[in-house]
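Here's the structure, in structure tokens; my notes come after.
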Amino acid sequence: MTESKTAMITGIGGQDGSYLTEFLLKKGYKVRGIIRRGSYPNTKRIDHLIEKYESFDNKGELSITYSDLTDASSIRNAIEMFKPDEIYNLAAQSHVGISFTNGISTFDINARGVFRILDTIRNKGINCKYYQASSSEMFGISPPPQNESTPMLPQSPYGIAKLAGYHITKMHRNAYGMFASNGILFNHESPRRGVNFVTRKITRIFTEVILGKTDRIVLGNLDAKRDWGFSGDYVEAMWRILQHNEPDDFVISTGETYTIRDFLKEVCRNVDINLEWKGTGVDEIGYDTNTGKTLVSINPYYFRPAEVPALLGDSTKAREILKWKPKVMFKDLVNMMLKHDLEERGNEIRGRPVSLEEAKELASKLRN
Ligand code: NAP
Ligand code: G4F
């Protein structure tokens, strides 16, 4: 019998880390993860896996240790202890808006953190493949569609840090012959998405509106376009990137793009609400044409100092070489996230899950 492979995941407690852990455990990998110390539990997304698989002797299916991408010696210790065959570097300060206020720490984690890991692998002569979680945010204002050859013109501290991480990864590949690859992933979402990213914010707060806990959803720029896929599909692409016979960089995307308005409209359509718009600029509102209820308004607080207007990925290379393609597309993604939040927030607010059918009935009665 061949020995199972060991994968180390930084950011194991994040959205993608949780789906990747499930995916790799199913493939028979031993999974090793790092989490950083938080004042509040940061393992909610993987508690079901910890309960079932964790062992503390570093021999079983799942082991986790404390480490931080800003702390080089903690990374070195984790890599030396886990001796991984594959490292998936998913840890990051991943919020673009917050990177404008926390620019230097974002750069330290998202750019210098990459260097710290690759430097350890190289200096310690560890024989492992490295996956870097690069981002479509690196394309910035380059017009769509974007592929591996599109110029990168990032607009945010996050995008600039990720571009540095992308080049640090390529440099280790080119200069030292390391197996170091970039996945350039377009936006991907799920019921496990952080609650302050726009998709999850919308499905979660819309649920609160339906349940009468909140009045409306307050957002920033509604005109940005994003290519939204499902995190569960994208973690398979990460794995395929490291199974390819040579290190390379790949765009991963659905090839469809929608505005924030489209996302809102589709959420509403799920409960038979027709959402339309009136007013202009910051006074614009989104309302239900049947009941007149205001459902969306704007607060400039959520505008960013610089914006990425339109992302649309061309993932032909990954589709042809890696034989990867997305399974969950826009409408199913919206439906999955809304149903989850109706269940979760239903439980929290009403003490029981709320179904889509019940949400439709509640929605038809909403008034200002
Ligand atoms: P996420 O949910 O925000 O997860 C990020 C993880 O990184 C969290 O577990 C976080 O821990 C951890 N982390 C943050 N700073 C750290 C540090 N200094 N040391 C160790 N761990 C740290 O992000 P995601 O959506 O899963 O994304 C995964 C990766 O893909 C990120 O690198 C992101 O930038 C990149 N990416 C995401 C998308 C997307 O649309 N989701 C698209 C392209 C690229 P805490 O829980 O303690 O905060
Ligand atoms: O959901 P977002 O915060 O995602 P964003 O900025 O596209 O970044 C995500 O995708 C990147 C890949 O391209 C990842 F690398 C990154 O880690 C992250 O996962 O915002 C999407 C759009 C933006 O244009 C933003 O201005 O939605 C707009 N928006 C409008 N109102 C809002 C809001 N975004 C947030 N977070 N909150 C709002 O209230």
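Quick notes on this one:
- For Val198, the solvent-accessible surface with a 1.4 Å probe is about 50 Å², rounded to the nearest 10.
- Loop sites in segment 298-368: trypsin sites (Lys or Arg not before Pro), DSSP, at most 15 other Cβ within 10 Å: Lys323, Lys327, Lys365, Arg367
- Checking every one of the trypsin sites (Lys or Arg not before Pro) in segment 141-222 against DSSP loop status and a limit of 15 other Cβ atoms within 10 Å picks out Lys213.
- Taking the chain and dividing mean pair separation by its residue count, relative contact order in percent (alpha carbons under 8 Å, at least six apart): 16
- For segment 91-185, the residue among Pro145, Ile126, Met171 whose Cα projects farthest onto the positive side of the dipole built from Cβ charges is Ile126.
- Most positive-pole-ward Cα, Gln15, His48, Val114, against dipole of segment 1-146 from beta carbon charges: Val114
- Using alpha-carbon coordinates, inclination of helix 231-243 to the longest axis of the chain, degrees: 20
- The angle separating the long axis of helix 72-82 from the principal Cα axis of greatest extent in the chain is about 70 degrees.
- In the chain, one over the average inverse separation of all distinct C-alpha pairs is 21.5 Å, which is the Kirkwood hydrodynamic radius.
- Segment 234-368 - Rg over Rh from alpha carbon coordinates, Kirkwood radius: 1.07
- Computed across segment 221-273, the Kirkwood radius stands at 13.4 Å (inverse of mean 1/r, all Cα pairs).
- The charge dipole of segment 30-151, taken about its Cα centre with unit charges on the Cβ of Lys, Arg, Asp and Glu (plus for the first two, minus for the last two), comes to roughly 200 debye.
- Carbon/sulfur fraction of accessible area - the chain, other protein chains in place, 1.4 Å, %: 50
- Checking every one of the chymotrypsin sites (Phe, Trp or Tyr not before Pro) in segment 1-93 against DSSP loop status and a limit of 11 other Cβ atoms within 10 Å picks out Phe56.
- Value at 222 nm in deg cm²/dmol, rounded to 500, when DSSP H runs of n ≥ 4 in the chain each add -39,500 (n - 2.57): -11500 deg cm²/dmol
- Accessible area per residue in Å² at 1.4 Å probe, computed on the chain: 45
- In this view, the solvent-accessible surface of His167, computed with a 1.4 Å probe and all protein chains in place, comes to about 100 Å².
- With N as its number of residues, segment 117-221 has a Cα radius of gyration that, divided by 2.2 N^0.38 Å, comes to 1.45.
- For segment 80-135: rounded, prolate or oblate by the Cα gyration tensor [a/c cutoff 1.5]: prolate
- Under Stokes-Einstein, with the Kirkwood radius over Cα pairs as Rh, the value for segment 301-368 at 37 °C and 0.692 mPa s is 206 µm²/s.
- Cα-Cα over 25 Å, subset of Lys52/Lys331; Lys26/Lys162; Lys225/Lys365; Lys278/Lys365; Lys52/Lys170; Lys170/Lys323: Lys52/Lys331; Lys26/Lys162; Lys225/Lys365; Lys52/Lys170
- Bridgeable aspartates and glutamates around Lys293 (alpha carbons under 14 Å apart, same-chain partners fewer than 8 residues away excluded): Asp215, Asp272, Glu276, Glu284.
- DSSP-defined beta bridges in the chain - what % are antiparallel, rounded to 5: 20
- The relative contact order of segment 167-308, computed from alpha carbon pairs under 8 Å that lie at least 6 residues apart in sequence, is 26 percent.
- Dipole magnitude for the chain: computed about the Cα centre from +1 point charges on Lys and Arg Cβ and -1 point charges on Asp and Glu Cβ, it is near 380 debye.
- Asp47, Asp233, Asp283, reordered so the largest accessible area comes first (probe 1.4 Å): Asp283, Asp47, Asp233
- Relative to the longest principal axis of the Cα atoms of the chain, the long axis of helix 15-26 makes an angle of roughly 60 degrees.
The values are calculated or read from the model by the stated rules, or taken from the named source; none is laboratory data. If you're wondering where the values come from, they're calculated on a predicted model, not measured in any experiment. Because the Cβ atoms are built from the backbone with ideal geometry, glycine has one as well, and the counts that use them run over all protein chains shown. We work out accessible area using only protein heavy atoms, side chains counted, and drop any ligands, DNA or RNA first. Shrake-Rupley method; radii C 1.70, N 1.55, O 1.52, S 1.80 Å.
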